[in-house]
Amino acid sequence: ASHETGLKDVKLPQNFAWGVASSAYQIEGAAKEDGKGPSIWDMLSHQVPGFVADNSTGDVLAEHYYLFKQDIARLKALGFKAFSPSISWPRIFPFGNGPVNAPGVAHYDAVITALVDVGISPAVTLFHWDTPLALFHEYGGWSNEKIVDDFVHYAKFIITRYDKYVPIWFTINEPQYCNWQYAGYPAEILNPKTGKKGEKGGIKARFACGHYTLLAHARVAKWYHEEFKGQGRITFKNSGNYYEPASTAAADLRSAQRNYDFSIGWFSGPWTDGDYPESLKSTLDDVLPKYTEEEKRIIKGSCDFYAIDAYTSYTAFGSSNDEACMKDPKNGAFPECAGSRQAGNDGFPMGPAGDTGVDWMKTTPGGIRRYLRKLKEMWPSIPDIVVTEFGFAEPFENLMKTKGEILWDLRRADYYQGFLDNILASIHYDKVNVTGAWGWAIFDNFEWNAGLSTRFGLQYVNYTDLTRTPKASMFQFLNWFQ
Ligand code: PNW
């Protein structure tokens, strides 16, 4: 129930989709079991010293691969009706393409069955950053158009098998992080083709990757809609935060707009308006690949709804250097060329003071309402919006422990309350069609470069005995929907 004044008796729309989310590489562990092929994250975490802050890897994690039945039973007991996992591409196709790995398929058969048996509805992500390493070595992963066919092949296999159980499909998680998460060569890594150190995929790989992720998504969606005639809805997950212009000065407004263009606009323009935002085209010139007319047609309208992972808010400001930056690819801020800082306290809605455990966010639950309104304003053609991830990593020191049964992460409990209140206010007062909200994450997980000590979970994971302990925010989240 909402605490927001005036909203106590306001109800969410029927069929509002809500639950907790996760991703395969971040929780499964069992990275070398049952015929799974390596993904780029197995390589990055093992072979690049310091790439992951605490040098942890995905080899042994919460072991959801083995403990999924108890994890699902817990979700059921807590009262969840939906869960959003991702499927590991290299478990299904160890080499990215080629032979199917039967034990990998059997595993996800068992997971889907376990969910369906207890009446928990799966919202499944097909790709959450675990690119099969073989494809990275073969042709540079997502920076090469060849990956489109390989992804489509994998996606068709999974969707054909599970569509009757899966009402929501996410093809790709957050293509905004194109580059090292998908395709690029972090500076420390040997380029497998040339054997040289220090070669970055750089800006070309970044925008090629973006280009092919969206194309791959669109090809799957077209097949899903027209040929396969799937029963569910399909989209991809955007990542992007809210930008409040620091003032009404033209430079600040332009900065906010450029921040949007280069985050969510990069992928939202093509499927709503039919092409990349003008600012991307004029700044990036021939670094930005071009879609053919046929591709534009396939991409436009390829999303059944708008999915946004929206964690926090920034204040956007322009500077007198922006014009020069936009013309000079050697500039460090190129191509965004737009300033921003984490939203401060000055008149901006803030959650309680406190560390969020990551350096890229403060708790700004009020920002989500402004952001949803802004999304609707920028792309009026989007049918409805789902907030597919939100949360933060309350540091362990902030947790008060009571008899080991529940951990009191009070700041995050407050953040969840405020965030959900603001989504409800957005629906009720601003008439934004928000149809779902997913908390990140089901439990603590491998937080990519930040490793294991950054804990986004609504349950605490003890990595020694693998117990999961609910945090207060888990109950706050659940109670909100009662
Ligand atoms: C998402 N930002 O990444 C990912 O989808 C998850 O896998 C991850 O665990 C989660 O959010 C928490 O980080 C993001 O800088 C990374 O705004 C960075 C940002 C947003 C999302």
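The values are calculated or read from the model by the stated rules, or taken from the named source; none is laboratory data. Quantities reported herein were computed from a predicted structural model and do not represent experimental measurements. Here the Cβ positions follow ideal geometry from the backbone for every residue, glycine too, while neighbour counts run over all protein chains shown.
What the table below lists for this structure:
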read-out	value
Matching residues in segment 460-482 - criterion: being surrounded by 16 or more Cβ atoms within 10 Å (Cβ to Cβ), of a type outside the set (D, E, K, R) and over 18 Å from Glu397 (Cβ atoms)	Leu466, Pro470, Met474, Gln476, Phe477, Leu478, Trp480
Within segment 378-408, considering residues that are at pLDDT 90 or above and of a type in the set (D, E, K, R), the one farthest from the ligand (Cβ to nearest atom)	Asp384
Hits in segment 409-421 (condition: within 16 Å of the ligand (Cβ to nearest atom) and either farther than 17 Å from Ser313 by Cα or in contact with a Cys (Cβ under 6 Å, 6 or more places away or on another chain) (or both))	Asp409
Qualifying helices (runs of 4 or more DSSP H) (wholly inside segment 1-105; at least 3 residues being modelled with pLDDT of 95 or more and among the aliphatic types (A, V, I, L, M))	64-78
Residue ID - surrounded by the most Cβ atoms within 10 Å (Cβ to Cβ), chosen from residues in segment 23-60 that are on the phi > 0 side of the Ramachandran plot and among the small types (Gly, Ala, Ser)	Gly29
Sole residue being surrounded by 20 or more Cβ atoms within 10 Å (Cβ to Cβ) and out of contact with any Gly (no Cβ under 7 Å at 6 or more places or on another chain), chosen from Thr283, Thr292	Thr283
Any hit, segment 430-438, residues being within 11 Å of the ligand (Cβ to nearest atom) and either among the hydroxyl-bearing types (Ser, Thr, Tyr) or surrounded by 24 or more Cβ atoms within 10 Å (Cβ to Cβ) (or both)	yes
Cross-chain or 6+ apart pairs with Cβ under 6 Å, segment 446-460 first and in contact (Cβ under 8 Å) with a residue 24 or more places away in the chain, then of a type in the set (Asp, Glu) and within 9 Å of the ligand (Cβ to nearest atom)	Thr454/Glu447
Qualifying residue in segment 195-212 (condition: within 15 Å of the chain's Cα centre (by Cα) and at pLDDT 95 or above)	yes
Where Ala246 falls short, out of the listed (1) in contact with a Ser or Thr (Cβ under 7 Å, 6 or more places away or on another chain); (2) modelled with pLDDT of 95 or more	(2)
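Every residue, every condition in (1) over 30 Å from Ser426 (Cα atoms); (2) out of contact with any strand residue (DSSP E or B) (no Cβ under 8 Å at 6 or more places or on another chain); (3) among the aromatic types (Phe, Trp, Tyr), yes or no:
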| site | (1), (2), (3) |
| --- | --- |
| Gly6 | no, yes, no |
| Phe16 | no, no, yes |
| Ser22 | no, no, no |
| Ile27 | yes, yes, no |
| Lys32 | yes, yes, no |
| Gly37 | yes, no, no |
| Ser45 | yes, yes, no |
| Val48 | yes, yes, no |
| Asn55 | yes, yes, no |
